[in-house]
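The values are calculated or read from the model by the stated rules, or taken from the named source; none is laboratory data. If you're wondering where the values come from, they're calculated on a predicted model, not measured in any experiment. Ideal geometry is used to build each Cβ from the backbone, glycine not excepted, and the neighbour counts take in all protein chains shown.
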Amino acid sequence: MEIGKKLKEKRVDANLTQKELSDILHVSRQTISSWEVGRTYPDLNVLLSISELYNVPLDDLVKEDSKLVDDITLKVKKSERRKVFNILLSFLLVVVTVLGLVYIYQDYQNNQTNAEGLSPSDIYNTSWEVHFDPTRERLESFLSFDQNSAVTFNRYQLSFVDPQVSPDEHEVVLEEWLSRGIADGVNSYQNLEVEVDGDNYVVSAQGFLMELTRLSSTIIRDSNGIEYRKVLEQDIHEDLHMMAEYYEEEYYEE
């Protein structure tokens with residue numbers, strides 16, 4: 001039996017008019033009529049209310065109407081997909097909100113100025129070229145920082161190592177230079193963090209640590225007394241990699 005005929009039969013058995021039933025279910029009388037002639041179907045929530053009203057299992061109301069069963073199944077699937085979509089959307093909104101708050105907090109922290117007028121933002125997204133090297137060991141040296149990483153480029157004077165010394169002694173000198181941050185060529189370090197301590201910047205990343213003293217708005221000095229001048233060029237990270245390739249080609253040509 002179709003659901004419409006069952007609904008009419010149950011209503012008549014309960015001695016209810018269409019108007020009385022519509023008032024109970026909070027729908028219009030025309031809606032009740034439309035259900036009973038099979039033009040439309042009640043939704044699942046209304047069917048549950050009807051089954052409770054007539055004290056009839058929901059399955060008994062719908063099991064013989066395959067079209068209604070298919071319609072309810074489709075609506076349930078759509079509802080489940082909608083719930084999953086809403087959950088995913090809510091999760092993404094939470095993630096975006098948290099990331100936004102983290103970014104705002106980090107930006108706030110990075111722009112805080114200490115008593116000496118230093119701020120982490122003085123270092124982020126800047127590049128520096130060696131300005132004065134008291135050791136005269138470096139031919140060229142650059143420091144470059146973006147928001148997340150540090151890049152160094154060093155080209156130092158191997159002539160400071162006596163060519164007559166043994167390979168072991170030569171290696172000792174190179175290791176001593178490396179311990180002072182004189183890493184040859186281009187080197188990149190991730191997870192950059194900048195803190196201020198008095199008149200010093202403490203710059204750290206994975207495998208990288210430097211303490212820099214600000215001498216002016218454009219000059220900084222590391223713990224070895226080497227001074228760096230601020231470079232105003234853009235895309236310095238890419239420039240450093242291009243320089244490394246150039247010097248590598250130059251070395252092989254020699």
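Remarks
- Total residues in the range 111-123, condition surrounded by fewer than 19 Cβ atoms within 10 Å (Cβ to Cβ) and out of contact with any Gly (no Cβ under 7 Å at 6 or more places or on another chain): 8
- Leading residue by the ranking (modelled with the highest pLDDT) among those in the range 47-71 that are part of a helix (DSSP H, G or I) and β-branched (Val, Ile, Thr): 50
- Verdict on residue 139 being assigned to a strand (DSSP E or B), surrounded by 12 or more Cβ atoms within 10 Å (Cβ to Cβ) and modelled with pLDDT of 85 or more: no
- Test: residue 74 is outside the structural domain of residue 147 (by TED's automatic domain parsing), modelled with pLDDT under 85 and in a helix (DSSP H, G or I): yes
- Elements of type strands (runs of 3 or more DSSP E) contained in the range 156-218, each with 3 or more residues being surrounded by 13 or more Cβ atoms within 10 Å (Cβ to Cβ) and modelled with pLDDT under 85: 185-190
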